Amino acid sequence: MNKVILMGRLVRDPEVRYSQGNEPLAVARYTLAVNRRFKRQGEQDADFIGCVAFGKAGEFAEKYFKKGQMVSVIGRLQVRSWDDNEGKKRWSTDVVIEEQYFAESKASFESHRDAAPAAAPAPKQTAPSDGFYPIDESIEDDDLPF
């Protein structure tokens, strides 16, 4: 089984190109900075993972994904190799996107991007005995990312 699930911030806006042919296909490439749970002294605290989305998923990334945004992706690892101009063997490992989602609200992203202080966190709720939380009716449609 080849399944990858990641959540991280976009390092830059997705780069989108279209294939040649009768029906051009969108190919979006972007990099996610995925925080490490643990790190050793002197190591970076994130991994930078290349992702590629084709077709409608590529068009979606082009239209809605922006630098700094927290996204979640599901896909598969793909390893490619080729010989460069000097005849050296090169390798690339990417996540081929099957599903991609917003992992934060638009308001949260805006406050993160603008470096404005975030609103005070909501008080922590304890789960009712039935295990369900009440729905916050104060959420506006404008707060939804879709």
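Bear in mind these aren't lab numbers, they're just calculated from the coordinates by the rules spelled out. Predicted model, so just to flag it, every value in this text is computed and none were measured. Don't worry about glycine lacking a Cβ; one is built from the backbone with ideal geometry, like all the others, and counts go over all protein chains shown.
Annotations for the structure displayed:
- Calculated diffusion of region 22-87, Stokes-Einstein form, Kirkwood radius summed over Cα pairs, 25 °C and 0.890 mPa s, µm²/s: 168
- Rounded to whole Hz, the Karplus (6.51, -1.76, 1.60) HN-Hα couplings of region 14-25, x for glycine and proline: x, 9, 10, 10, 10, 5, 7, x, 5, 10, x, 10
- Amide H within-cut-off set for GLN69, under 5 Å, with H built and near neighbours excluded: LEU10
- Under 5 Å between amide hydrogens, built in the peptide plane, is the criterion, and for LEU25 it picks out SER19 among residues at least 5 positions away or on other chains.
- What the Kirkwood sum gives for region 52-106 is a hydrodynamic radius of 13.1 Å, with every pair of different alpha carbons counted.
- Centre-to-centre, using Cα atoms only, region 1-48 and region 57-88 are separated by 5 Å.
- Proximal lysines to LYS63, defined as alpha-carbon separation beneath 28 angstrom and excluding residues fewer than eight positions away on the same chain: LYS3, LYS106
- FRET efficiency estimate (nearest 0.05) - Cβ-Cβ, SER105 to ARG17, R0 30 angstrom: 0.50
- For region 10-28, the residues whose amide N sits under 18 Å from a probe point set 7 Å from the Cα of VAL96 along the beta carbon direction are 17-20, 25-28.
- Each Lys or Arg adds one and each Asp or Glu takes one away; over the other residues whose Cβ falls under 12 Å from the Cβ of VAL34, this sums to +1.
- Region 56-107, dipole about Cα centre (Lys/Arg Cβ +1, Asp/Glu Cβ -1), debye to the nearest 20: 100
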